[in-house]
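Beneath this line is the structure, given in structure tokens, with notes to follow.
The values are calculated or read from the model by the stated rules, or taken from the named source; none is laboratory data. These figures come from a predicted structure and were not determined experimentally. Cβ placement follows ideal geometry from the backbone for every residue including glycine, while neighbour counts extend to all protein chains displayed.
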Amino acid sequence: MALPGIEMSNFHLSSEPAWRRMISVSDYTVPGQWRPWLSDTGSLTQRLIDACNGELTVQVLRQNLGVPRLSERRALGLPQRRQALIREVILLGGGIPWVYARSIIPLSTLTGRLRRLRQLDNRPLGALLFSEPSMCREPVEIACYTSAQMPTALAAKQSTMWGRRSVFRLHNKPLLVSEIFLPDFNPYNQSLSFDYSRTV
């Protein structure tokens with residue numbers, strides 16, 4: 001189900017949010033209902049599939065080469081002006097836009113077996129990441145987005161949206177995945193089981 005009125009020109013943030021390491025699952029600066037979703041180290045894709053009884057779909061908004069934002073380059077150790085594959089998608093649960101995801105994949109990562117990351121189409125990246133035995137994940141960072149920091153087509157009247165991001169490594173090759181929970185995401189009050197076995 002496509003979201004109406006989305007134009008590629010809308011996908012330019014006016015400023016970056018302030019990313020920081022989440023202290024713990026009891027981080028008092030984060031609203032209680034969001035802490036389990038932001039700190040969970042398991043597959044968000046699988047959590048969403050469970051929450052919508054398997055009715056998860058992926059709408060690709062953008063997938064092309066571009067220069068990542070400053071904080072993204074720093075997280076990945078990329079030089080200034082170095083291009084990467086930028087993939088932006090909406091994850092919809094039962095047709096409702098739940099999560100905006102932005103992935104930055106350095107060109108040096110897109111080699112060997114990982115060339116397949118160029119051709120994900122409407123398949124969720126998370127499913128591939130968590131099926132890969134070599135995958136390891138660096139600590140989660142979180143941020144509180146304002147409407148001004150979201151793509152225009154996804155900006156909401158409410159002032160804040162919570163998001164998280166992590167650097168993943170496949171065969172020791174890095175990529176960065178950011179996930180922002182949209183205003184229509186409603187399973188935040190569901191309990192989660194934690195899996196800390198796949199962290200570094």
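Looking only at residues in segment 122-144 that are without any contact (Cβ under 8 Å) to a residue 40 or more places away in the chain and surrounded by 13 or more Cβ atoms within 10 Å (Cβ to Cβ), the one that is nearest to V60 (Cα to Cα) is L128. Any residue at all in segment 52-61 that is surrounded by 14 or more Cβ atoms within 10 Å (Cβ to Cβ), of a type in the set (V, I, T) and touching a Pro at 6+ places or on another chain (Cβ under 7 Å)? Yes: segment 52-61 contains one or more residues that are surrounded by 14 or more Cβ atoms within 10 Å (Cβ to Cβ), of a type in the set (V, I, T) and touching a Pro at 6+ places or on another chain (Cβ under 7 Å). In the set (1) at pLDDT 95 or above; (2) part of a helix (DSSP H, G or I), R115 fails one condition alone, (1). Taking residues in segment 106-120 that are on the phi > 0 side of the Ramachandran plot, and partners anywhere that are aromatic (F, W, Y) and exposed (fewer than 13 other Cβ atoms within 10 Å of the Cβ), not one pair has Cβ atoms closer than 7 Å while being at least 6 places apart or on different chains.
Note on segment 29-104: enclosed helices (runs of 4 or more DSSP H) holding 1 or more residues that are β-branched (V, I, T) are 44-51. Is there a residue in segment 184-192 that is surrounded by fewer than 19 Cβ atoms within 10 Å (Cβ to Cβ), modelled with pLDDT under 90 and among the aromatic types (F, W, Y)? Yes; the residues of segment 184-192 include at least one that is surrounded by fewer than 19 Cβ atoms within 10 Å (Cβ to Cβ), modelled with pLDDT under 90 and among the aromatic types (F, W, Y). Name every residue in segment 98-121 that is crowded, with 20+ Cβ neighbours inside 10 Å and farther than 20 Å from T57 by Cα, in order of residue number. Correct list: I104, I105, P106, T109.
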